[in-house]
Number of protein chains: 2
Amino acid sequence: MAALEARLARIAERNPRINAFLTIDVAGARAAAAQARPGGRARSPVDGMPIGIKANIAVAGWKFHAGIGAWRDRIAARDAACVARLRAGGAVLLGLLNMDEAALGDTTDNPHFGRTQNPREPGFTAGGSSGGAGAAVAAGFCEAAIGTDTLGSVRIPAAYCGLTGHKPPHGAISTEGVVPLAPRFDTVGIVARTPGVAAAVRNWLDAAPAAEVGGPVGLFPLDGTTTTDAMRDAVARMAEKAAHNGIAVQTMAPLDDDLHDIAKAAFLMVALSATEIYDAEVVRAPEGFSQAFRDAMAWARAQPDTRRKAAEEKLIWAAEAIRQAFAPYACVLMPTTPQPAFPFDAARPRDTADFTCLANIGGLAATCFPAGVNACMAVSVQAVGADEGACLALAGLLAG
Amino acid sequence: MAALEARLARIAERNPRINAFLTIDVAGARAAAAQARPGGRARSPVDGMPIGIKANIAVAGWKFHAGIGAWRDRIAARDAACVARLRAGGAVLLGLLNMDEAALGDTTDNPHFGRTQNPREPGFTAGGSSGGAGAAVAAGFCEAAIGTDTLGSVRIPAAYCGLTGHKPPHGAISTEGVVPLAPRFDTVGIVARTPGVAAAVRNWLDAAPAAEVGGPVGLFPLDGTTTTDAMRDAVARMAEKAAHNGIAVQTMAPLDDDLHDIAKAAFLMVALSATEIYDAEVVRAPEGFSQAFRDAMAWARAQPDTRRKAAEEKLIWAAEAIRQAFAPYACVLMPTTPQPAFPFDAARPRDTADFTCLANIGGLAATCFPAGVNACMAVSVQAVGADEGACLALAGLLAG
């Protein structure tokens with residue numbers, strides 16, 4: 001209880017400036033904390049753990065708006081499957097986390113609910129679309145947060161905030177009660193203070209493979225990518241650290257396709273999926289969506305059929321190519337993002353999801369972890385592969 | 001204006017029993033009719049035409065609930081793209097039509113908004129999911145109605161009500177402002193009194209190919225299907241009539257896969273798509289969905305990954321097989337449904353969409369038309385193929 005009150009005091013003091021939480025369920029959190037760890041014994045790895053929930057995931061009685069103005073007053077009647085599971089394990093559900101409008105973005109600069117600040121430096125983005133999740137954990141408001149990851153939306157904020165971000169393989173965790181964006185890519189994911197916390201939450205949500213690195217680790221080739229020097233250094237340092245720990249590290253062959261071309265095709269398919277999901281709602285309540293969101297929908301709608309088909313074909317081939325290229329390794333090390341967090345008033349990079357989207361396209365697991373600091377901002381590396389346990393285990397070994 | 005008042009009087013008298021319209025926009029319809037055909041000249045083929053709109057298509061200021069109880073009070077702020085186009089052409093938008101809950105059904109026995117009766121015989125279904133569209137046109141309430149067709153939802157009610165039902169090729173008509181069910185199959189479609197009316201509405205909605213049968217017509221092989229004798233007779237009579245009109249009719253080779261197996265795979269994919277679209281909403285407002293709908297979602301969710309993958313693979317192959325098998329013909333004649341409309345209290349047939357779903361899976365156009373009557377109920381045949389103009393033209397030639 002004392003620990004919860006300390007968190008609540010910290011939130012009261014710092015959240016108004018950071019804007020990670022949009023609402024705090026003080027009464028619900030206190031009630032859960034009072035019942036946590038009966039007799040001092042944890043009933044689950046999440047018993048008593050303070051956890052925040054992204055606004056596109058249903059928590060009974062909480063707002064459930066997915067960052068969309070039109071849905072500002074929607075209330076969830078029941079818990080999403082993942083939330084019900086956390087609640088059953090005794091987790092202390094703290095409050096609702098800010099996000100990009102409809103999860104379509106990577107800066108959490110929400111036109112309806114405000115901007116979330118990076119706790120490391122005001123004026124810098126915490127990433128997105130689960131930016132509230134990253135900022136809340138980085139600010140010490142909670143131990144972990146549940147987000148969603150369609151092309152990188154859990155890992156990008158985890159990277160920018162110096163945290164662990166974990167995306168399970170596609171389909172491993174139920175998305176029931178989660179507002180869809182692009183179901184073929186959507187996964188529930190975890191932002192956590194450490195890889196250990198991420199693994200504990202993950203293992204409670206659903207049965208997961210053992211956490212061990214059973215095989216060689218691949219090193220993703222960075223020639224021809226837009227990776228900054230800080231990120232190249234970080235990946236190289238992590239590869240060295242892995243080798244130092246007795247793990248075989250092998251540079252893998254490059255993919256045939258340009259990373260950014262793959263990411264662009266994925267973004268088009270996500271935007272097209274968003275039109276299918278939101279067109280009717282935009283027509284019902286146009287003023288409840290930002291002009292930028294409506295412009296993005298109109299752009300997707302206006303793409304010629306030839307371009308849609310080319311993108312679809314590219315993704316089918318990319319999915320197969322990624323799975324084949326990653327298959328020989330327990331997991332593959334690569335940058336999470338090409339650069340660290342950037343200021344809101346800087347030009348917005350277009351390549352932020354170039355590395356993260358590969359796991360979504362291939363249906364693979366990915367765990368990102370902090371690998372040092374550059375110019376005050378965290379640098380982040382991710383372990384990606386079909387073996388979810390290997391990703392988490394390598395992150396646990398290397399995170400620093 | 002006199003014509004509209006006659007329609008409104010008929011609706012007032014008969015709709016309470018048929019329950020085709022859920023709401024009537026008397027003021028809006030009168031205003032549109034007053035401005036129709038200025039100086040007696042039609043500005044479009046739909047100028048002054050009374051048209052009903054299915055409840056999953058947005059009409060500004062009307063209810064927009066898709067047959068879902070949870071959305072009972074939702075109002076559309078703007079017109080769907082297809083509705084805006086009709087309005088621009090001077091159509092008289094009469095009211096909102098009943099449908100199956102979330103368009104997932106084929107009987108329009110809606111748990112929240114009541115049952116729609118077949119105007120030919122009380123106690124018989126008008127089909128679904130666009131059952132209100134079929135009943136409204138059959139009862140003479142309107143000249144045409146706009147519905148949606150994911151696996152047959154426009155053509156099944158048109159067939160059961162003795163009308164023309166037209167499904168354009170996938171993507172030909174914008175679905176903006178239409179509540180999605182399974183975007184890969186969803187199309188806006190038309191129920192109309194005659195093929196000519198359907199063609200007029202279709203051509204106004206968007207540019208369409210010329211209506212002519214430019215090539216041989218295929219005859220779909222019915223061996224091994226569940227087609228009733230009444231429907232076999234109807235297809236045979238229509239093939240004869242086509243030949244009598246100088247059109248070459250050739251029996252095509254059967255598809256490798258069993259029709260019902262294909263339909264079952266398609267239904268699973270539609271139900272899975274529905275879970276992606278509705279899971280979050282069911283969690284927000286569970287009491288706003290029927291137990292049957294929630295059971296269907298739970299069933300889809302519970303399907304093992306192997307079954308989902310097998311269904312997906314079957315559909316990919318079926319789409320290619322359908323396109324190849326139909327390609328040599330201007331269009332292909334086949335039953336619309338294996339049997340005519342049935343009573344609500346009879347056992348519900350499971351094969352109703354076995355023939356209609358082929359056009360959705362292959363992305364093809366399809367026009368169904370009445371081909372006589374059997375035991376008081378209409379029998380229906382459809383022309384299916386990539387050439388939308390050929391489908392409409394053959395329907396126009398053969399409908400009787």
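Just so it is clear, none of the values below were taken in a lab; they were calculated from the coordinates. Just so we're clear, the structure is a prediction, and the values are computed from it rather than from any experiment. In this analysis, Cβ positions are derived from the backbone assuming ideal geometry, glycine residues included, and neighbour counts consider all displayed protein chains.
In nanometers and ordered shortest first, the copy-to-copy spacing of the B:Q324 label point, defined 7 Å from Cα toward Cβ, is 2.2.
Counting only Cβ charges, +1 for Lys and Arg and -1 for Asp and Glu, the dipole size of the range A:291-359 around its Cα centre is about 180 debye. The local environment of A:V154, defined by Cβ-Cβ distances under 12 Å, has a net charge of +1 under the rule Lys, Arg +1 and Asp, Glu -1.
Each DSSP beta bridge with both residues in the range A:2-205 is either parallel or antiparallel, and the antiparallel ones are about 70%. Projected onto its three principal axes, the C-alpha set of the protein assembly as shown covers 84, 53, 51 Å, listed from the longest axis down. Each peptide among A:88-94, B:245-251, A:330-336, A:227-233 gets the average number of other Cβ atoms lying within 10 Å of its residues, and from highest to lowest they stand as A:330-336, A:88-94, A:227-233, B:245-251. Counting, for every residue in A:67-78, the Cβ atoms of other protein chains within 10 Å of its Cβ and taking the mean gives 2. Based on alpha-carbon atoms, the Kirkwood radius and the radius of gyration of the range A:113-259 give Rg/Rh equal to 0.98. Relative to one another, the C-alpha centroids of the range B:274-344 and the range B:174-219 are positioned 20 Å apart. For chain B, give me the percentage of DSSP beta bridges that are antiparallel, rounded to the nearest 5 percent. Of those bridges, close to 70 percent are antiparallel.
Output the DSSP H helices from chain B with an along-axis C-alpha extent of no less than 18 Å and a mean Kyte-Doolittle hydropathy no less than -1.0.
Numbers: long enough: B:2-18 (24 Å, -0.26); B:229-244 (22 Å, -0.49); B:259-284 (37 Å, 0.77); B:305-326 (31 Å, -0.64).
For chain B, where a helix must reach 18 Å along its axis and average at least -1.0, the hits are B:2-18, B:229-244, B:259-284, B:305-326.
For the listed peptides B:375-383, B:12-20, B:168-176, a ranking on the average number of other beta carbons within 10 Å per residue, highest first, reads B:375-383, B:168-176, B:12-20.
Taking 20 °C and 1.002 mPa s as conditions, the range B:238-332 diffuses translationally at an estimated 132 µm²/s according to Stokes-Einstein applied to its Kirkwood radius (Cα pairs). Length, then width, then depth: along the principal axes, the Cα atoms of the range B:1-58 run 37, 26, 18 Å. Judged by the mean number of other Cβ atoms found within 10 Å, the most tightly packed of the peptides B:186-196, B:265-275 leads the ranking B:186-196, B:265-275. Per-residue ellipticity at 222 nm from helix content only, as computed over the protein assembly as shown with -39500 (n - 2.57) for each DSSP H run of at least four residues, stands at -12000 deg cm²/dmol. Counting from the shortest, the label point at B:A347, 7 Å from Cα toward Cβ, is 7.0 nm from the same position in each remaining copy. Relative contact order for chain A: 18 percent, from Cα pairs under 8 Å spaced at least 6 residues apart, divided by residue count. Here the range B:135-288 is treated with +1 on each Lys and Arg Cβ and -1 on each Asp and Glu Cβ, and its dipole about the Cα centre works out to around 480 debye. Considering only chain A, the C-beta nearest to the rotation axis that sends A to B is found at A:I277, 3, the distance in whole Å. Across the identical copies, the label point of A:I75 (7 Å from Cα in the Cβ direction) is separated from its matches by 2.2 nm, in order from shortest.
Cross-link partners of B:K309 among lysines, defined as those whose alpha carbon lies under 21 angstrom from its own and excluding same-chain residues fewer than eight positions apart: A:K314, B:K264. The share of Cα pairs per 10 Å bin across chain A, counted from zero up to the longest distance, runs 5, 25, 35, 25, 9, 1, 0 percent. Take each residue in A:172-181, count the other chain C-beta atoms within 10 Å of its C-beta, and the mean is 4. Rounded to the nearest 20 debye, the dipole magnitude of chain A is 1160 debye, with +1 charges on Lys and Arg beta carbons, -1 on Asp and Glu beta carbons, and the Cα centre as origin. Take the convex hull of the alpha carbons in the range A:23-135; its mean projected area over all directions comes to 7.4 nm². Local charge for B:G131 was computed over the other residues whose Cβ lies under 15 Å away, with Lys and Arg +1 and Asp and Glu -1, and equals 0. Other protein chain C-beta atoms within 10 Å of residue C-beta, averaged over A:270-280: 5.
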